[in-house]
Structures are given as structure tokens and as C-alpha cells.
Amino acid sequence: MEHLIDIVLLGLLMITGFAIVRLRSLLAVAMLTSIYSLLSASLFVVLDAVDVALTEAAIGAGISTILILATVALTSDEEKVPRHTPLLPLVVVIATGAALIYGTLDMPHYGDPAAPVHRDVASSYLHDTPADIGVQNVVTSVLASYRGYDTLGEVTVIFTAGIGVLALLGYRTRRRNSQGPGNRKLVVLRVVAKLFFPLILLFALYVLFHGDYGPGGGFQAGVIFATGFILYALAFGLGNAQRVIPHQLLRIMAAVGVLIYAAVGIESMLLGGKFLEYRVLADDPVTGQHLGIMLIELGVGITVVAVMLIIYYGFVSRLHSGDM
Amino acid sequence: MSELLGHYNYWIVIILMMTGFYTVIARPNLIKKIIGLFIFQTSVFILFISMAKVEGGTAPIIEEGISVYSNPLPHVLILTAIVVSLATTALGLALVIRIRDAYGTINEDDIHVQDEED
């Protein structure tokens with residue numbers, strides 16, 4: 001049964017991919033990209049990667065699509081016919097694809113428990129997590145504790161991307177249009193948005209603090225939190241959203257999140273451990289691990305929310321009518 | 001048959017990857033190129049997550065009575081990669097908007113023509 005769902009979802013992904021290449025209307029392409037992401041998120045659930053699915057659904061189907069739509073609105077939504085014949089790219093692509101497919105023939109079969117990827121560290125993470133870290137979700141323990149250095153790097157990358165978008169697009173405060181787009185037309189959207197807004201934020205907090213026991217963590221929570229605010233901004237206009245979270249606050253939050261993460265690392269050094277060695281944070285090593293993971297997930301969450309909203313504000317504040 | 005099923009995921013991943021690659025190199029529209037890159041990135045995510053799957057396993061959340069789990073390490077790598085992929089997509093789209101400000105078009109062919117005129 002699992003195989004069947006896997007085959008059908010991958011088939012649908014392929015069809016959507018081809019449709020994206022063929023269509024010339026960029027608005028349609030943006031919507032298809034959203035469907036493509038949602039399909040891949042469903043596939044990740046079938047493949048047991050629940051944490052990844054949560055992230056992909058919020059990011060790919062949510063925020064990416066809105067950014068693509070904003071870019072289309074700022075540029076043009078019609079794709080011109082290319083001047084060159086697609087013959088050379090087609091030859092290159094088919095040759096590369098054939099070489100890669102030849103390469104897969106040496107790969108272990110799908111689902112093979114003896115595949116080299118499952119040996120060494122992967123099995124020790126699964127085996128040692130209950131005793132070392134005391135959290136049930138192994139993805140969280142690897143992300144936040146065993147590979148904490150990596151995650152600090154990733155958070156810094158996201159912070160840098162936020163600064164990059166800020167440098168490229170700048171930011172314009174919106175004085176007028178604080179009411180947002182045409183009041184009458186959006187009644188249904190506004191009522192629904194008002195109903196969902198607190199629930200989405202509550203769910204984000206649940207995902208943040210429940211990350212030790214079930215699927216969730218700072219990255220997912222941050223993105224879901226940001227999606228809630230983007231929904232609010234879509235329904236009530238950017239001006240109102242900026243009154244709830246002003247841009248200056250976001251810039252501070254983006255830095256504070258990374259600093260919380262690094263501070264946990266330095267604090268564990270001051271207490272006599274190594275950088276990001278959470279065991280020393282409390283008398284009991286497992287409590288220390290819990291505390292450390294909670295704090296750095298909070299830092300990750302704060303930075304992710306702030307950067308997502310900085311990016312969104314940057315794109316949308318360039319639109320004239322304020323209708324996104 | 002087992003050969004076919006055993007590599008089915010990887011082959012579709014490669015087809016998706018090549019779809020994205022083709023969009024990047026053959027389409028002159030810059031937004032389309034970024035979307036092609038996005039398809040390429042997602043196909044890499046599916047490749048990693050497919051390799052992490054263990055037959056009969058379940059999500060890597062430790063629970064009593066369950067002994068087979070899928071590999072959590074690729075999940076962690078891809079989780080952070082997805083967030084970083086959004087960061088790169090956003091930067092790319094921001095560059096597209098600035099290119100449109102400077103050239104008045106987002107078509108690569110037109111941009112080349114303008115560059116040659118200067």
C-alpha cells in the first residue's frame with residue numbers, strides 16, 4: 001500500500017513538473033509550484049520524514065508561493081517565447097539524465113535496511129538518544145544537540161539572507177493605505193483570517209515546545225508563526241500588520257535569535273563544558289540537554305520568524321496599491 | 001520487477017532534477033529560472049529522504065514497542081536545507097526585481113541585447 005502511494009505521488013510530481021516547464025503564464029506557474037511543494041510534503045510523510053514534511057508544507061506551499069506571486073506582480077506575468085531553439089539544452093539534459101540513471105544502478109534498493117547510509121552514526125544516534133539526550137524525537141536531538149554546530153551555521157545563513165534581501169530591496173514604510181485593499185470585497189477572507197490567525201500562532205507555539213516529543217522544532221514553528229502573520233497582512237493590508245510587528249522590532253529579533261543560540265554555547269563553555277555542550281547547564285545531564293535544546297530552538301524560532309517577515313515586508317512594501 | 005521498484009524513486013528524482021535543470025538553462029525568463037532551481041532543489045530533498053527510508057520502518061520518534069525506525073540523519077540535513085532553500089529563493093527573486101528596475105525587463109535575451117548596445 002505504501003509503495004502504491006509512493007508511486008502515485010511521484011507520478012503526480014512528475015506531471016506537475018512538466019506542466020510548470022510548459023506553461024507560459026507565470027501566475028499559473030506560481031500556483032503549480034505551490035501544488036508541487038504540497039505533493040512533495042505528502043511524499044515526505046509517506047517516507048517517514050514528518051518533520052521535513054511540516055517544514056516543506058509551510059515553506060514551499062506557503063511562503064515561497066507568496067514570494068513568487070509578489071515578484072510576478074512587481075515584474076510581468078507573461079513569459080516570452082525564447083529566441084534560441086531548445087535543442088542544445090535538451091541534448092545536455094538527456095545526456096546528464098542518462099548518466100545519472102546509469103549511476104543509480106549501483107545504488108542499494110529503496111528501503112534496504114542494509115544500505116551503507118544506515119550504518120555508523122545514523123544507527124548510533126537512534127541507539128544513544130534515549131540515554132544521552134532523553135528526548136523522543138531523534139530528529140530534534142540530532143538537529144539541536146549532536147549536530148548543534150551545523151544548525152548554528154544554518155541559522156546564520158538565514159540571518160545573512162535576511163540582510164541580503166534588506167540590502168537589495170530596501171524597505172519603505174507605508175503611511176497611507178493602512179486600511180488595506182477594498183474593504184467590502186474581502187469580508188469573507190477577513191472573517192476567516194481573524195478566526196485562523198490565533199489558531200495558527202497557537203499551533204506554532206505547540207510545534208515549538210512539543211518538538212522534543214513529536215514532530216516539530218524551531219524551524220517549523222518559526223515558519224508557521226510567520227505564515228500566520230502573512231495571512232493577517234494579506235487580509236488586512238501591510239500597514240496594519242506593521243502596527244502589530246514593526247520593522248525595527250523584526251531587525252532586532254533576527255539578531256537576538258542568533259545571539260541566544262551562540263550565548264547558550266558560550267554559557268556552556270563558561271560552566272566548564274565544550275561549546276554547545278548542554279549537559280553542564282543543569283546538575284542533571286539530561287535536564288541540561290532539555291534546557292539547552294529548548295533555548296536554542298527558541299533562538300532558531302525567533303530568527304526564522306523575523307527573517308521570513310523581513311523578506312515578506314521587503315517584497316510587498318514595493319507593491320504600489322498595497323493589495324498584498 | 002524488483003529492480004524497477006527498487007530504483008523507481010531515484011529515477012523519478014532524476015527526471016524531476018533534469019526538468020528543473022532544463023528550465024534553468026533553456027528558458028530566458030528569470031522568474032522561470034528561479035522556479036526551475038526550486039524544482040531541482042526539491043528533487044534533491046526527495047533523493048535524500050528516499051535513501052533514509054527503511055522498509056517497514058516508522059518515523060524516528062522513539063516509542064516503546066517499535067524497533068525499526070527510518071534514518072533520522074538525512075531528515076535533519078534536509079530540514080535545514082529546506083529553510084536555506086527559501087533563503088536562496090528569496091535572494092534570487094529580490095535580484096530579479098532589481099534587474100527589472102535596472103533593465104525594464106526580466107527576459108535574459110533582451111538583457112543581453114541591451115548589454116551589447118552599451
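Near residue A:116, within a Cβ-to-Cβ distance under 15 Å, what is the net charge of the other residues, with Lys and Arg +1 and Asp and Glu -1? Each step should come with its number before you reach the end.
Values: positive: A:119, B:53; negative: A:106, A:112, A:120.
So the environment of residue A:116 carries a net charge of -1.
Checking understanding here: applying a Kyte-Doolittle mean of at least -0.5 and a length along the axis of at least 15 Å (C-alpha), which whole DSSP H helices in chain B pass? Let's see the in-between values first.
Details: long enough: B:2-26 (35 Å, 1.13); B:30-52 (34 Å, 1.89); B:72-103 (46 Å, 1.47).
The qualifying helices are B:2-26, B:30-52, B:72-103.
With a 10 Å cut-off around each Cβ of A:226-232, the average count of Cβ atoms from other chains is 0. The Cα atoms of chain B give a gyration tensor whose axes a ≥ b ≥ c have a/c of 1.5 or more with a/b no greater than b/c, which makes the shape oblate. Candidates A:16, A:57, A:94 compared by Cα position along the dipole of segment A:1-109: farthest toward the positive end lies A:94, with charges placed on Cβ.
List the DSSP H helices in chain A whose Cα atoms stretch 20 Å or more along the helix axis and whose mean Kyte-Doolittle hydropathy is at least 0.0.
On the way: long enough: A:2-22 (30 Å, 1.70); A:26-46 (30 Å, 2.13); A:87-104 (26 Å, 2.06); A:148-169 (32 Å, 1.42); A:187-209 (34 Å, 2.42); A:218-236 (27 Å, 1.71); A:247-270 (34 Å, 1.45); A:285-316 (46 Å, 1.67).
Those that clear 20 Å and a mean of 0.0 are A:2-22, A:26-46, A:87-104, A:148-169, A:187-209, A:218-236, A:247-270, A:285-316.
For residue B:69, the residues 5 or more places off, or on other chains, whose built amide H falls under 5 Å of its own are B:58.
Relative protection proxy for A:283-293, B:88-98, B:32-42, from highest mean packing down: B:32-42, B:88-98, A:283-293 (other beta-carbon atoms within 10 angstrom). Other residues whose C-beta falls under 14 angstrom from the C-beta of residue A:21 contribute a net charge of +4, scoring Lys and Arg +1 and Asp and Glu -1.
Ranked by the mean number of other Cβ atoms within 10 Å of their residues, highest first, the peptides A:266-272, A:15-21 come out as A:15-21, A:266-272. Legend: mean number of C-beta atoms from other chains within 10 angstrom of residue C-beta atoms, peptide A:78-88, equals 4. Counting only other chain Cβ atoms within 10 Å of each residue's Cβ, the peptide A:68-77 averages 5.
If each DSSP helix of 4+ residues adds -39,500 (n - 2.57) and the sum is divided by the residues in the protein assembly as shown, what number results at 222 nm, nearest 500 deg cm²/dmol? Show your work: numbers first, answer last.
Values: 17 runs with 310 residues, N = 442.
Mean residue ellipticity, 222 nm, calculated: -24000 deg cm²/dmol.
Is chain A rounded, prolate or oblate when judged by the Cα gyration tensor, a ≥ b ≥ c being the square roots of its eigenvalues, rounded requiring a/c under 1.5 and prolate requiring a/b larger than b/c? Oblate is the answer for chain A, as a/c is 1.5 or above yet b/c matches or exceeds a/b. Net charge within 11 Å of residue B:56 by Cβ-Cβ distance, Lys/Arg positive one each and Asp/Glu negative one each, not counting residue B:56 itself? With Lys, Arg at +1 and Asp, Glu at -1, the neighbours total -2.
Every read-out reported here was derived from the displayed coordinates using simple, explicitly stated rules and does not represent laboratory data. Small disclaimer: the values here were computed from a predicted structure and weren't measured. Every residue, glycine as well, gets a Cβ built from its backbone with ideal geometry; the counts of neighbours run over all protein chains shown.
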